[in-house]
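Before any comments, here is the structure.
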Amino acid sequence: MAEHPAYPVGLRLTGRRVVVLGGGQVAQRRLPALIAAGADVLLVSPGATPSVEAMADAGEITWERRGYADGDLADAWYALIATSDPEANTRASAEAERHRVWCVRSDDADRATAWTPATGHSEGVTVAVLTTDAKGRDPRHTAAIRDAVVEGLRDGTLVAPHHRTRTPGVALVGGGPGDPDLITVRGRRLLAEADVVIADRLGPRDLLAELPPHVEVIDAAKIPYGRFMAQEAINNALIEHARQGKSVVRLKGGDPYVFGRGMEELQALAEAGIPCTVVPGISSSISVPGAAGIPVTHRGVAHEFTVVSGHVAPDDERSLVDWPSLAKLTGTLVVLMGVDKIGRIAETLVAHGKSPDTPVALVQEGTTAAQRRVDATLATVAGTVVAQEVRPPAVIVIGEVVAVGRPGAV
């Protein structure tokens, strides 16, 4: 038997008798999977660990508090032998052979008729890994392979798209602040399974290079009809591709709902009857300051932080921000999309009581290889932006936490 590899198979044990001999650590590890498989589990053991005893008390297994006796395996479909008595294990293994019951032995795998693979689960898939060389079994190596495969499926680095069961629709995926490693595990997996990706300029562009050749990548910034109509055109593109039966990912920078117009896209899809999944992302409002060494809150310095959009100036009639009230806050103010308006923003805050000496940090291209930090104050920030040629995308942090996070600060 040792000269041939094991034949892998999945056992359907629902309602079928499985006998477990021994209530120790091995049983404690194996019983949950047997219970989840719907097996009718009989545990035969004089004692058991507290966890195993709890399974019996909950009615998940039947426990007979005694040692093994000949005949225990007569009606079994599968057996797990894991007692501390080698003689009992040998007798039970022989009985399993007589009754043609597949049998796992924890003490002597060579004398077993079945081996338990290293298993893991990801999105309805069970990964089971067995060592094919009977003489060179290495449980740690097998488990490491299992872990690598499962992790790859979960984070999308191992591309295994669904085909038969995949449901067409749209996923609004927050790609994070820019570093491709900062997208969520779920976001990366959905991206790996996409047929079409409609990407923002601020999304993690490096991830697009990893997509298979058949994936259609659409640059949302280049969708026609002009700037004013761009959002409507994006909505239409999402709907059209989804109606063609494709799996569509709308890859957005940061989080879809933090100045990302994600709700507008969700509403348009809902009106069109298109199923949509929203995958939150790490917002640049907290991650970019953190990457630059700035905590948006800090004990004894800031007990609050406020995130505002700076895409329109304080004196613009379209602005919905109460700048005078913000000037009175003692916490941290984070401004997104405000590089070209920071001069007027600073003037407004100072005019309503904010100290001109309030520290300001501008973090450009945060979390990417091109990240840089420029420091100023409310009094100097307008000139600093021009002199240092700060360009979007940049996150602006205003408040005393900037000094806490300044290089060399204690």
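The values are calculated or read from the model by the stated rules, or taken from the named source; none is laboratory data. In this text, all values refer to a predicted model and were calculated from it rather than measured experimentally. Note that we place each Cβ from the backbone using ideal geometry, even for glycine, and neighbour counts take in every protein chain shown.
Quick notes on this one:
- Tabulated pairs, the stretch 328-351, first among the basic types (K, R), second buried (at least 18 other Cβ atoms within 10 Å of the Cβ), C-beta under 7 angstrom, 6+ apart or interchain: K341/G310; K341/A313; R344/A313; R344/P314
- Qualifying residue in the stretch 334-350 (condition: in a loop (DSSP other than H, G, I, E, B), buried (at least 21 other Cβ atoms within 10 Å of the Cβ), of a type in the set (A, V, I, L, M, F, W, C) and touching a Ser or Thr at 6+ places or on another chain (Cβ under 6 Å)): no
- Beta carbons closer than 6 Å, at least 6 apart along the sequence or on distinct chains, pair a first residue in the stretch 257-277 that is crowded, with 19+ Cβ neighbours inside 10 Å with a second that is part of a loop (DSSP other than H, G, I, E, B) for V258/S283; G262/P256.
- Residue in the stretch 51-63 that is in contact (Cβ under 8 Å) with a residue 24 or more places away in the chain, part of a strand (DSSP E or B) and within 23 Å of P8 (Cα to Cα) present: no
Yes or no, residue by residue, for (1) modelled with pLDDT under 90; (2) surrounded by 23 or more Cβ atoms within 10 Å (Cβ to Cβ):
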| position | (1), (2) |
| --- | --- |
| R154 | yes, no |
| V159 | yes, no |
| H163 | yes, no |
| T167 | yes, no |
| V170 | no, yes |
| G174 | no, yes |
| P177 | no, yes |
| E193 | yes, no |
| V196 | no, no |
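- Candidate set from the stretch 77-95 (those that are touching a Leu at 6+ places or on another chain (Cβ under 6 Å) and β-branched (V, I, T)); member that is surrounded by the fewest Cβ atoms within 10 Å (Cβ to Cβ): T83
- Exactly one residue among D108, D75, D85 is within 19 Å of P46 (Cβ to Cβ) and charged (D, E, K, R), and that residue is D85.
- Filter result (among the acidic types (D, E) and part of a loop (DSSP other than H, G, I, E, B)) within the stretch 247-279: D255
- Which listed residue, of A327, A369, A376, A382, is assigned by TED's automatic domain parsing to the domain that holds R299, of a type outside the set (S, T, N, Q) and part of a loop (DSSP other than H, G, I, E, B): A369
- Verdict on V402 being modelled with pLDDT of 95 or more, among the hydrophobic types (A, V, I, L, M, F, W, C) and touching a Leu at 6+ places or on another chain (Cβ under 8 Å): no
- Summed over the stretch 280-318, the residues that are surrounded by fewer than 20 Cβ atoms within 10 Å (Cβ to Cβ), assigned to a loop (DSSP other than H, G, I, E, B) and touching a strand residue (DSSP E or B) at 6+ places or on another chain (Cβ under 9 Å) give a count of 7.
- The set of residues from the stretch 1-27 being in a helix (DSSP H, G or I) and surrounded by 17 or more Cβ atoms within 10 Å (Cβ to Cβ) comprises V26, A27.
- Selected residue (criterion: surrounded by the most Cβ atoms within 10 Å (Cβ to Cβ)) from residues of the stretch 206-215 that are out of contact with any helix residue (DSSP H, G or I) (no Cβ under 7 Å at 6 or more places or on another chain) and over 14 Å from E193 (Cβ atoms): L208
- Taking the stretch 354-389 as the range and being modelled with pLDDT of 95 or more and among the β-branched types (V, I, T) as the test, the residues that pass are T358, V360, V363, V374, T377, T380, V381, T384, V385, V386.
- Conditions (1) surrounded by fewer than 19 Cβ atoms within 10 Å (Cβ to Cβ); (2) out of contact with any His (no Cβ under 8 Å at 6 or more places or on another chain); (3) under 23 Å from A39 (Cβ atoms); number of the one not met by A74: (2)
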